[in-house]
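No value in this document is a laboratory result; all are computed from the given coordinates. Just so it is clear, the structure is predicted and the values come from calculations on it, not from any experiment. So basically every Cβ, Gly included, is an ideal-geometry build from the backbone, and we count neighbours across all protein chains shown.
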Amino acid sequence: MKIICIGRNYAKHIEELSNERPKEPVIFLKPDSAILPRNHPFYIPTFSDDIHYEVELLVKINRLGKHIAPKFAHKYYNEIGLGIDFTARDLQSKLKEKGLPWEKAKGFDGSAVISEFVSKDQFTDLNTISFSLEKNSKIVQEGNTKAMLWKIDDLIAYVSQYMTLKIGDIIFTGTPAGVGKVTPEDKLIGKIEGKTFFKIQIK
Ligand code: ZN
């Protein structure tokens with residue numbers, strides 16, 4: 001399986017990192033080795049002093065597809081989850097400056113937190129799903145899919161123009177504003193519509 005991540009999909013997060021608003025979605029990948037095993041702590045890697053959390057809504061692909069039209073995109077996923085795209089921001093900034101790929105800053109071991117998935121039928125409208133991240137019992141990020149520049153169906157259509165989507169692939173749909181640093185002993189809790197989807201201990 002592959003993990004496809006979308007960058008710069010929420011206007012307020014683009015502003016907080018002083019990034020340019022893209023004309024098309026920004027795509028990057030994480031390897032399957034980036035997945036943090038369930039119920040494992042996240043260990044801050046030695047190569048970074050600035051690991052950021054980015055809470056993101058996840059979509060799991062359940063059908064093989066390429067060149068998918070937006071109006072058919074809903075047929076390619078049944079389940080929604082929540083995750084964290086852990087990012088070595090110091091490393092990413094250096095790579096961005098030089099115009100180099102982000103993999104070292106985004107694809108390292110443990111950098112992909114992936115919750116259990118639930119049926120999308122649980123939600124009345126996929127374009128108004130609210131989600132949040134708490135750090136040490138304080139809400140640090142709050143998002144709602146209505147604020148996405150590109151909605152889930154648009155993202156599936158767009159990505160599938162470039163790479164075939166396969167069963168089990170997971171899309172990280174981008175992070176809202178509020179990203180920040182983690183330090184040892186932090187506790188992160190991710191929620192969709194108030195329901196807990198993951199808990200992560202930082203070490
Ligand atoms: Zn992200």
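Given a Förster radius of 35 Å and the C-beta distance between Ile139 and His67 as r, what FRET efficiency does 1/(1 + (r/R0)^6) yield to the nearest 0.05? Write down the numbers at each step before the final one.
Values: r = 40 Å, r/R0 = 1.13.
According to the calculation, E is roughly 0.30.
Any chance you could run the full-extension gain for Leu29 through Glu103? It's 0.36 nm times the residue separation minus the Cα-Cα distance, nm to one decimal.
Full extension from Leu29 to Glu103 adds 25.9 nm.
Of the DSSP beta bridges with both residues in the chain, give the percent that are antiparallel, rounding to the nearest 5.
The answer is about 90 percent antiparallel.
Would you please classify the overall shape of region 75-127 from the alpha carbon gyration tensor, given that a ≥ b ≥ c denote the square roots of the eigenvalues, rounded means a/c under 1.5, and beyond that prolate means a/b larger than b/c while oblate covers the rest?
In terms of gyration-tensor shape, prolate.
Given the -39500 (n - 2.57) contribution per DSSP H run of 4+ residues, what per-residue ellipticity at 222 nm results for the chain, rounded to the nearest 500 deg cm²/dmol? Each step should come with its number before you reach the end.
Numbers: 4 runs with 28 residues, N = 203.
Computed mean residue ellipticity for the chain: -3500 deg cm²/dmol.
How far, in nm, would the chain grow between Ser93 and Thr124 when pulled straight, counting 0.36 nm per residue and subtracting the alpha carbon separation?
Answer, rounded to one decimal: 7.3 nm.
What distance in nm separates the simple spin-label points at Arg38 and Lys146, each placed 7 Å from Cα in the Cβ direction?
Between Arg38 and Lys146, the label points sit 3.3 nm apart.
With +1 on the Cβ of every Lys and Arg and -1 on the Cβ of every Asp and Glu, and nothing else charged, how large is the dipole of the chain about its Cα centre, in debye rounded to the nearest 20?
So the magnitude is around 340 debye.
Please label the shape of region 56-191 as rounded, prolate or oblate, based on the square roots a ≥ b ≥ c of the eigenvalues of the alpha-carbon gyration tensor (a/c under 1.5 means rounded; beyond that, a/b larger than b/c means prolate, else oblate).
oblate
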